[in-house]
1. Against the definition (farther than 30 Å from V846 by Cβ, surrounded by 14 or more Cβ atoms within 10 Å (Cβ to Cβ) and among the basic types (K, R)), how does K930 come out, yes or no?
2. So how many residues does the stretch 190-227 have that are surrounded by fewer than 11 Cβ atoms within 10 Å (Cβ to Cβ) and acidic (D, E)?
3. What residue, of T352, T366, is out of contact with any strand residue (DSSP E or B) (no Cβ under 9 Å at 6 or more places or on another chain), of a type in the set (V, I, T), without any contact (Cβ under 8 Å) to a residue 60 or more places away in the chain and in a helix (DSSP H, G or I)?
4. For the structure I just gave you, tell me whether T728 is at pLDDT 95 or above and either within 30 Å of K848 (Cα to Cα) or not aromatic (F, W, Y) (or both).
5. For the stretch 597-613, which residues satisfy the criterion of being out of contact with any strand residue (DSSP E or B) (no Cβ under 7 Å at 6 or more places or on another chain) and aromatic (F, W, Y)?
6. Conditions: (1) touching a helix residue (DSSP H, G or I) at 6+ places or on another chain (Cβ under 8 Å); (2) surrounded by fewer than 16 Cβ atoms within 10 Å (Cβ to Cβ); (3) in the same structural domain as E178 (by TED's automatic domain parsing). E247 meets all but one. Number of the miss?
7. Of the numbered conditions (1) modelled with pLDDT of 90 or more; (2) out of contact with any Cys (no Cβ under 7 Å at 6 or more places or on another chain); (3) within 22 Å of H52 (Cα to Cα), V249 satisfies every one except a single condition; which is it?
8. Among the listed residues K886, K838, identify the single one that is basic (K, R), closer than 23 Å to Y805 by Cβ and in contact with a helix residue (DSSP H, G or I) (Cβ under 7 Å, 6 or more places away or on another chain).
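The values are calculated or read from the model by the stated rules, or taken from the named source; none is laboratory data. Quick caveat, the model's predicted, so the values are computed rather than measured. Every residue, glycine among them, receives a Cβ derived from its backbone with ideal geometry; neighbour counts consider all protein chains shown.
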Amino acid sequence: MKIRDMFQKDIDRPITGVIKVGQIEEYNKKQELEEYVVTRELTKHFREFFDHYTRSIQNPTDEMGVWISGFFGSGKSHFLKILSYDLDNAVIAGKHAWEYLKENNQSLQSDPMLLANMELAAQTPTEAILFNVDSKSTASAKSDSNAIVMVFNRVFNEKLGYIGSIPALADLERELDEEGKYQEFQDTFLKVTGKAWLETRHKFKIMRGRVEKTLVEMGYMSAEDAGLWVKESSTQGYQIAIEDFAERVKSYVERTGKRVVFLVDEIGQFISQDSQLMLNLQTITEELGVRCKGKVWVIVTAQEDIDSMTENMQERSNDFSKIQGRFKTRLSLSSVNADEVIRERILKKNDTGKSTLKALYETQETTIQNVVDFKGAAIEMKKIKNAEEFANVYPFLPYQFNLLADVLNAIRLNSSTGKHLSEGERSMLGAYQKAAIFVMEQEEGVLVPFYRFYDDLIKFLDHTHAGVIQRAYDNERLNPMHDEDCFTINVLKTLFLLKYVNGVDLTVGNIVSLMITNIHDDRTKLRREVEESLQLLTRNLLVSQIQDTYEFLTDEEQDINRAIRDRNVSSNDVIRAVARTTFDSIYNNSRYRVPKFNGRYTFAFNQTVDTVPFKNNQSNEIGLRLITPRYVSAEGSLDDTSLSMMSARNREVILKLPMDHVDYYNELLNALKIDDYIRNVADPQKGKSTAIRATKMQESGKSKDAAVKSLKEAIGKAEVFINGQKITDITTREASAKIGATLEKLIENIYYKLTYIDSPKDDGDIKALFVKSQQVALSLDGAKEPNSNAVREVKEYIRLTSSSYSSISMKSLMDHFTIAPYGYVEADVKWLVAKAFKDGAASATVDKDPITLFNRKPEELGMYFTTRKYEEKLLFRAKENIDAAKIKACKDVIKAFFNRTETDNDVDKIMESFKEHAKDTINECNVMLKENLQVKEYPGSEVLQKTAKMLTEISVIDDTTIFYKKIAEEKGDLIDLADDLSPVRTFYTSGTQQKIFNENGLRAIRFFDNSKEHINSEKLDTVMENIKKIVYHKTPYHLIKNLPALYQSFMEIYGKVLDEKLAPVLEVIEQDKKNVLNYINGQFYEDKYKAEVIQAFEELIKRASTQNDISNMLGFKDKADSLCKTYLDKFANMAAPSLPDTSSAGGEVKTPADMTKPAPKRIKNIMARDITSDTWVITSEKDLDDYLVKVRKQIKDELDKNDVVKLQF
């Protein structure tokens, strides 16, 4: 059955495919109304609109806006046009618009309320003004923020019969009309010019003189006023305020009683993201709503709903809430509506056709379902559900409906000519009808390929796109037979149609699906044809291949692609890109982490592709090298032997990539060329090719992504060489996992002693090691110590690298054991060294100061071994074995000197024990020496000094060997010195001997020495001599016990001498006391001072009687004399009390002269002992005279100074 015979209506009948707002032919209107399909969705929208609209006829409202939204091709413009027919109550071929709709649509017939509202709206007098805002605006209108009100004013003028393009002239026509003079003006103009006004008014600029003459001729204006009006109308830019326009419309509504409806097509495209134009629409709608109270409506169409448009405005700060409030009625048309219309108007089948197609589907269902198969599409590419749908859409396929709508919208957005699709919304009817007509003479089974839609769309394409395809027709290489239906050109058309549509990957397989022309097409054969065509188109730069997808190229894109192809990118640059891709995207770890012990051990490795290193630092012990097919070997060979030797020589993994797998290279070459072009070539079209350049940048990114994928596959198939061997037991094909596995095997070969670590350690373990060292270690018999092999390696290395004169630092040990063949981490090395130190295999110093387990606290040792600042300062040396005899000698000295028995045989511990006790002993000696300095008579200073000196000399020895050698050599002297020190220590520390020494020895000597000039006793001298022999003996310790008896003898003799010396002293004190008492006897102050005098002299007697020192006791005679003189001087100068006034016996009063008080006398008391010695030795008269002369002189001297001298004997 031929396809043309399947349709209910002739498929080739005339149909207005493009619904243009402005078409007025009655035939077109009639066809539109007869064939207009009111779908379920449109029924709902009609119901909502007419419900709101008719309600405003009776009830004033300011909610008079309708916003109709829907994708391109959904039928917005057609719906708007049908509304205008009904509102304008148009009578077409004798019937109203609503009657056509009722007759041809069952859904309306079943809704009497809707029909009633449609009829009410039609019968209400209304001026329905339908227009496309873009076509009614001027070229520069969008730059004017008042553009929309100017368009509204224009179409309103045109609706009323005034000229729309010249608003100033339209204002004149309105004034004339309102004054009833418009017809007179037209008649006068015809008389003046001989031409009809309505036919020539658009030429106002060249006829303004005649218009001026007409106005004067009819007496409407004076010549001066007419001239001025014509001049202003011709030269000044016309502006009308929105308020004035709203008032003008309101005035018309009130004057005529008619309603006005502005039906504005494509307002959304006109406004776009211009917030000023949106505000202009908002203000117009608001003013019309407020002033006209629902008698004026504004109905607009847009691809976006109003909320989305206001959200996407360039200036988000503006408040669009008012326009949202005005457009309360919002109708959204979906793609379902467009599909339903096409199926109903174009594709509806007659009964025979439908039965034929259903039968075809039922017998060929599998074939039909499999002939088209899209892979990786991000948008829905619908397949046929059942026989009913197959019959409804045949000869098309379901995916084509949505896809064509996306194509139309994409063309509108990306083609300068395509933008004019907005002038008459593409309902897609024409495209489907033309494609169906092309196959209508063929039998069932034929399908319409997607490229057939191109033939109807070509009229909307700009030269940039259409010219490429037209030149392709004339290209001998592409179309040698000049065929109008050339397969290669059809492939190019398909690529063009999908160029700007996102969501469909144009792979070979998907292109094949788009090119299907029959349900029985052989996809395999068709694929080969498509691939050949794509290669041909690619070579001619009409198509660009991006990985496994293809893209149509415009002329500008071809120029840029040609320039990119000619960019010079070196092979080394591509290899560097391969390195970046490998080590940044595929395996982006610069260190390999060994899985054992939670990835504790990591190894940096060199990263190389061919001979090109990745980044600069390539000084690691191991490496990874990729060998590409581009590699040029220095040895001139890439055989397995050469690569094995290279891997061993460089300690690296070699991955030899497959020689036949170079897609990654080509993709990176393409990306580098694009990047180089974008970076170094300025935009040749000065901004016009910005979008193309941006697309090429995206292509560069896709090429890089494809290179990653391709390179992963190549690495998965690569041959592996490690440490001199070709490896075949790594079977994984996943790139990252394979690299990891090869590095793991390399590390097992290079760092083979890493396995010696069976228990990783950290700083805490190091510190715990020293804490435990202070305790008794308990372990099960046969238990293996952790890391024993590694500890053995460290001990042996210290033994080999150090000597008596050289040490090795912790830093050097870490440097050695962190590289091959060990690979330990620093914490491991520190623990191993600490363990060797603790085991006694190594000695250590810090800043030349020896440290041992015994001279440092555990926390100090932990700090030395874990703190980074000590890594260079902490030095180690292998310990020498100390002779057992020397160890015994040291223990003997410790026993003798410190009275301590050492049971441990650890040389460090014994050495440290010696030093600790020596330090205490030295401090003890210094304390005793300090006492010796205070009391020089104390014994033992020589022994103490010698002890401190010898112990200090030994203690400062840090070398274990020298220390024990010194102890052994000095053992005899040290033990003798220990014997000498013992009684000295007893003297200074026991208390008893020192007390006896002080109280019985030194005290007796002090008494004797202080008073010896007053003592004359041989017996006392003998006792004192014996005391001094003991006190001043070099080692008096065994003699001190004799001092108490000698002291007792000394004190007995000394006491007798003391008593003999005391008697005369007491006599002198008594005599002085008597002299003072005699002096005050009978004096007025006797009672006051007598007791004081007695007490003072009794105190002197008491003190003198208790003195043990003779010299001090004899001194009390002087103290008594001094006290006596003090009292006598005090009393001698004490004035007598004043006498009371008296009169003479005869009653006479004494004169002042008689009452003058005598001046007090100066009295000086002198003790006879002060002016002469105790004894006068007189042998002659002369001696007597000499003594008397001296006495006389002294007394005379005192008399010169005083009035009275009293000599006391």
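1. no
2. So the count comes out to 2.
3. That would be T366, the only listed residue that is out of contact with any strand residue (DSSP E or B) (no Cβ under 9 Å at 6 or more places or on another chain), of a type in the set (V, I, T), without any contact (Cβ under 8 Å) to a residue 60 or more places away in the chain and in a helix (DSSP H, G or I).
4. Answer is no for this residue.
5. F597, Y601
6. Of the numbered conditions (1) touching a helix residue (DSSP H, G or I) at 6+ places or on another chain (Cβ under 8 Å); (2) surrounded by fewer than 16 Cβ atoms within 10 Å (Cβ to Cβ); (3) in the same structural domain as E178 (by TED's automatic domain parsing), the odd one out for E247 is (3).
7. (2)
8. Exactly one residue qualifies, and that residue is K886.
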